[in-house]
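Below: one structure, written as structure tokens.
The values are calculated or read from the model by the stated rules, or taken from the named source; none is laboratory data. Remember, it's a predicted structure, so these values are computed and weren't measured experimentally. We place every Cβ from the backbone using ideal geometry, glycine too, and count neighbours over all the protein chains shown.
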Amino acid sequence: MTTVSDYEPTPYSSISTYFPLDHAWKSASGKGVSVAIVDSGIDESHPELKGKVVESVEARFDNRRIVFDQSEAGDSAGHGTACAGIIAKIAPDTEFYSVKVLGAGGLGDGQAFLAGLEHAIKKRYRVINLSLGTTKPQFFSPLHDLLDRAYQAGCIVVAAANNLPHPSFPSVFSSSVISVIKSEEADPLKFGFHYGEVIELTAPGVNVRTAWLGGGYRNLTGNSFACPHIVGVIALLLEKHPDLTPFQVKSALYSIARENLEKTSSL
Amino acid sequence: MTEANRDELPEKLQRLIETVDIANVLTEPLTQSIANLLQVSAADINSDEASVLIRDGDEGDLRFLSATGEAAVKLLNLKVPAGKGIAGFVLSSGQPMAVSDVGEEESFYSEVDKTTGYSTQMILATPLSYKGEVIGVLEYINRRGEPPFEPFTPAEMDKAALFAEAIASLVNAYESAKLFRDLGDKVLAGENKDDITDVRDWLKGLRDSAEHREMLDLAVLMREIASRGEAERTICRELLESILRFSQSKSETTFLNF
């Protein structure tokens with residue numbers, strides 16, 4: 001499994017130093033924070049998401065290049081809607097930008113996924129939800145470059161691990177991405193931070209009830225649904241502290257996770 | 001076609017058709033192994049039905065290659081259009097997921113359920129990956145026994161991922177063998193072209209020949225022995241190698257030349 005690294009965690013993994021954060025973020029709603037969902041699209045008419053999707057684009061091949069056009073296709077699979085639904089529950093005033101790279105018509109390969117990420121970085125959306133990944137080795141290097149560009153542009157990329165025997169990119173990159181794996185925790189704000197692991201964050205991802213196609217709801221399990229929980233928390237943080245850089249966001253998540261841990265152990 | 005090419009052609013084609021027919025013989029045990037593994041894994045995960053869907057063409061469509069349970073026969077070769085259902089999503093995203101309440105309005109599964117007479121309530125789907133490429137999807141449907149069903153657990157998703165690893169290797173071997181078979185079928189059923197008609201007749205003749213059939217029987221026999229265990233494989237290999245050595249040392253005789 002890629003969830004736990006094969007190497008010995010460094011001694012730093014047990015450090016308890018963190019910078020206490022005020023609790024203002026807990027009363028935030030994600031107002032003014034742009035979040036890109038690079039996925040199967042978003043069903044804008046879902047009661048949980050109505051009026052919250054600012055723009056929807058979809059990938060299209062144009063003479064072997066991938067371009068992004070305005071889209072009215074909605075969501076072809078339910079997955080993107082499910083991710084947006086989780087974020088909207090935590091941060092209801094988030095501004096959603098749907099970048100559809102999965103769907104019928106042969107798209108959904110690594111190339112479209114990379115192009116979608118690049119589009120989101122060019123647009124400088126503050127947070128990018130990547131509940132997707134690729135295990136194809138040829139995408140390792142281009143993804144690495146893109147993630148560095150995201151970091152330099154101040155975009156915070158949050159990726160789901162695939163939890164399969166093969167590592168998936170970009171979730172196994174450590175410096176410029178926040179990677180998430182599912183936990184059985186039910187409280188959306190109770191997540192864990194495990195410094196030294198390949199995938200550092202754990203968040204609720206088991207039997208999560210969220211929005212689905214046709215105005216419905218589903219109980220879903222997977223790392224895909226842990227990832228948007230962290231995106232939701234980041235949206236709250238960014239509303240109160242709009243200038244946070246990607247590494248400051250990671251530090252803030254670490255602080256919150258430490259507090260969560262201390263509260264749990266003192267019970 | 002030059003004279004030299006014409007001389008080499010029969011030999012080349014004979015080799016091709018031998019490969020094709022051995023591939024034919026090989027695909028069957030592969031599908032059987034996939035089915036066996038599906039059954040074992042479904043029991044382990046406490047799932048009522050398990051199925052393997054493989055990529056069908058380049059557009060992201062899927063088709064059922066193997067399935068267990070009462071609806072299995074009806075599922076075989078059923079196609080899933082690109083991006084449809086949980087399986088379509090898992091193929092394109094490479095992300096495993098489980099849904100514990102699929103619901104009746106789910107367009108794709110209600111269509112499949114109409115065909116099979118089965119009621120899909122829960123799905124666990126994980127990608128089948130070979131060398132970084134997603135080549136299909138492994139699905140588990142419902143629990144054994146009567147509903148309400150307990151949702152699939154994260155530990156069961158991890159188990160499914162390990163079974164997917166083993167099944168993906170078998171599916172890849174099946175796909176390679178099938179490629180040869182399809183190639184042979186194409187040659188035999190191809191469009192009428194003057195220069196290929198003779199070749200096709202010749203190939204048909206070869207397949208009908210006693211010598212070719214005998215060679216296939218030998219391949220089947222070896223596969224049978226090899227599947228019995230390590231000891232049998234060792235004896236078989238040693239026997240075959242000593243026959244080969246003997247044959248090589250007596251190459252001037254016609255001892256093993258049929």
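Worth a mention:
- Cross-chain or 6+ apart pairs with Cβ under 9 Å, segment A:78-91 first and among the basic types (Lys, Arg), then surrounded by fewer than 24 Cβ atoms within 10 Å (Cβ to Cβ): A:LYS89/A:GLU48; A:LYS89/A:PRO188; A:LYS89/A:THR210
- Filtered residues of segment B:132-165 (kept if touching a residue at least 12 places away in the same chain (Cβ under 8 Å), facing another protein chain (nearest Cβ under 8 Å) and among the small types (Gly, Ala, Ser)): B:ALA161, B:ALA164
- Odd one out for A:ALA112, checked against (1) of a type in the set (Gly, Ala, Ser); (2) closer than 30 Å to B:ALA166 by Cβ; (3) touching a residue at least 60 places away in the same chain (Cβ under 8 Å): (3)
- For segment A:213-262, the tally of residues that are more than 16 Å from A:ASP22 (Cβ to Cβ) and touching a Pro at 6+ places or on another chain (Cβ under 9 Å) stands at 10.
- Put simply, of B:PHE246, B:PHE255 the only residue that is at pLDDT below 75 and of a type outside the set (A, V, I, L, M) is B:PHE255.
- Verdict on A:THR134 being at pLDDT 90 or above and crowded, with 21+ Cβ neighbours inside 10 Å: no
- Test: residue in segment A:104-117 that is assigned to a loop (DSSP other than H, G, I, E, B) and touching a Cys at 6+ places or on another chain (Cβ under 6 Å): no
- Identity of the residue in segment B:166-177, among the hydroxyl-bearing types (Ser, Thr, Tyr) and more than 14 Å from chain A (Cβ to nearest Cβ), that ends up surrounded by the fewest Cβ atoms within 10 Å (Cβ to Cβ): B:SER176
- Close pairs from segment B:108-128: first over 11 Å from B:LEU138 (Cβ atoms), partner of a type outside the set (A, V, I, L, M) and at pLDDT 85 or above, Cβ under 6 Å, at least 6 apart: B:TYR109/B:THR120; B:ASP113/B:THR120; B:THR115/B:LYS74; B:THR116/B:LYS74; B:GLN121/B:ASN142; B:MET122/B:SER100; B:MET122/B:ASN142; B:MET122/B:PHE149
- For segment B:79-92, the set of residues classified as modelled with pLDDT of 85 or more and either more than 14 Å from every other protein chain (Cβ to nearest Cβ) or part of a strand (DSSP E or B) (or both) consists of B:LYS79 only.
- Residues satisfying the stated conditions in segment A:218-242, i.e. free of Cβ contacts under 8 Å to residues at least 60 places away in the same chain and surrounded by fewer than 23 Cβ atoms within 10 Å (Cβ to Cβ): A:ASN219
- Among the strands (runs of 3 or more DSSP E) confined to segment A:151-267, the ones with at least 2 residues that are within 19 Å of A:GLY78 (Cβ to Cβ) and within 13 Å of another protein chain (Cβ to nearest Cβ) are located at A:208-211, A:217-221.
- Residue ID - farthest from A:VAL38 (Cα to Cα), chosen from residues in segment A:72-98 that are within 14 Å of another protein chain (Cβ to nearest Cβ) and among the hydroxyl-bearing types (Ser, Thr, Tyr): A:SER76
- Residue within segment A:38-57 that is without any contact (Cβ under 8 Å) to a residue 40 or more places away in the chain, of a type outside the set (Phe, Trp, Tyr), part of a strand (DSSP E or B) and surrounded by fewer than 15 Cβ atoms within 10 Å (Cβ to Cβ) present: no
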